[in-house]
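Read through the structure below, which is laid out as structure tokens, and then see the notes.
Bear in mind these aren't lab numbers, they're just calculated from the coordinates by the rules spelled out. All values reported here derive from a predicted model rather than from experimental measurement. We place every Cβ from the backbone using ideal geometry, glycine too, and count neighbours over all the protein chains shown.
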Amino acid sequence: MSIPTEPIGSLPRPPALQNAIRDHASGRLSTTELAKVQEQAVADTLARLEELGSPVLVDGDQAKPGSITYPLQGLTSLAPDGVVIPYADGHTRQLPRLTAGPFRYQVRADTYLRAALKHSNAPVKQAVVAPSALSLLYPADGIAGYSREAFLSDLANESEAEIRACLDAGAHVVQLDFTEARLALKLDPSGGILDDFIALNNEVLGRFGATERARLGVHTCPGADQDSTHSLDVDYTDLLPKLFQLKVGNFYLQLASEAEPERTLKTVADQLLPDIRVFIGVTDPVDPRVETPEEVRDRILLAADHLPLDRLGTCDDAGFAPWADDASTSRDTAFAKIEARVRGTRLAAETLGM
């Protein structure tokens, strides 16, 4: 396929895994037994993606408790009353609050990647949490004996180590999940929080050379949890110029759910720098309707009117289940949408004579 296409990351967990997660939380299932069910789900995810003809695979975050919180598993210096993320439908997600330092990842994403690579020889990308998201763990009133500056230094070092470990393990691409970018503008329309997020992420990304950055990417969307978003009402064009300041070679942009996709594409075209590839979202995980391949094709053809073909790729708008307990989209629906993306991308390439 001459137009690259990639999944974003998370996929709904199969019922057996959802049951195992609940049984483990209640003490009815051991950690070893849970790990076996997770491994089966990973193997099934990779196999189904290959069957659909996906040129790049993901493990679907099957062993992650969530796309943000996975590095915190086993960390004892946490309280439950951290930052609350409100969604448009009224539900919320709450992050934990850090209570003591030093901050260290308890789990790194290369653990998931190495496990996935045992089940496939195809290219596998690895999604990691952006340090900007984990910066929200630090409380506004501080931590005695552990300054915010010391925390951010530790966080940057941990994030760098995780990304390097994934690259060393053979990741096709390491993708930073930066879903909090648009939310930052909702919380602070002046852009101050977003500027801080960009600076922190670039502190980490700036430690990598040009060859490494070609294998680094960033994904942004207005959230996708329980078929709802947290910041779709924020003007995308206010975010994009700052987003493209990030030092990566690949940008994965939600677009299928945008009310004015052509306006967004014009902004992207204005920001496009040399050696950057933009993957546009052509399926919407929040929408229960499965797109047709022809609909996907037409979205790509619109993008091709604005972006150079050698800089264009396709993706899903977001992960389908960034939190392990999100069952709002069925596993079969998610794979059907992915199949539409793969087939639609192929149709667009044929139409464009590629």
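Subtract the Cα-Cα distance of GLU295 and LEU352 from 0.36 nm times their separation in residues, and report this length gain in nm to one decimal.
19.0 nm
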| task | Output the Cα-based Rg and Dmax of segment 283-354 in Å, rounding Rg to one decimal and Dmax to a whole number. | result | 13.3, 43
| said: Distances longer than 31 Å among the Cα atoms of the chain: what percent of all pairs is that? | reply: 29 percent
| Which pairs break 26 Å Cα to Cα here: LYS186/LYS337; LYS247/LYS337; LYS186/LYS242; LYS64/LYS242? | LYS186/LYS337; LYS247/LYS337; LYS64/LYS242
| request: Provide the gained length on full extension for the span ASN121 to GLU149, in nm with one decimal, where the gain is 0.36 nm per separating residue minus the Cα-Cα distance. | output: 5.9 nm
| request: Identify the trypsin sites (Lys or Arg not before Pro) of segment 49-121 meeting these criteria: DSSP loop state and at most 14 other C-beta atoms within 10 Å of the C-beta. | output: ARG104, LYS118
| field | In order through segment 244-259: 3J(HN,Hα) via Karplus (6.51 cos²θ - 1.76 cosθ + 1.60), integer Hz, x for Gly, Pro | value | 6, 7, 5, 8, 9, x, 9, 10, 10, 10, 4, 8, 4, 8, 6, 6
| query | Whose amide H sits under 5 Å from the amide H of LEU57, counting only residues 5 or more places off or on another chain, with H placed in the peptide plane? | reply | VAL124, LYS125
| field | 16 Å cut-off, amide nitrogen to a point 7 angstrom out along ARG22 Cα→Cβ, residues in segment 286-327 | value | 324-327
| remark: The set of residues whose placed amide H lies less than 5 Å from the amide H of THR314, leaving out same-chain residues fewer than 5 positions away, is THR5, GLU6, ILE280
| note | Note: ASP332 to LYS266 extended length (0.36 nm per residue) minus current alpha-carbon separation gives 20.4 nm
| Measuring from the lowest to the highest alpha carbon on each principal axis, how far does segment 120-206 reach, largest first, in angstroms? | 48, 32, 21
| Rounded to a whole number, what is D in µm²/s for segment 164-213 from Stokes-Einstein with the Kirkwood radius over alpha-carbon pairs (10 °C, 1.306 mPa s)? | 128 µm²/s
| Per residue convex hull volume, Cα atoms of segment 1-132, in Å³ | 155 Å³
| request: Find how many whole Å separate the alpha carbon centroid of segment 206-259 from the alpha carbon centroid of segment 290-354. | output: 16 Å
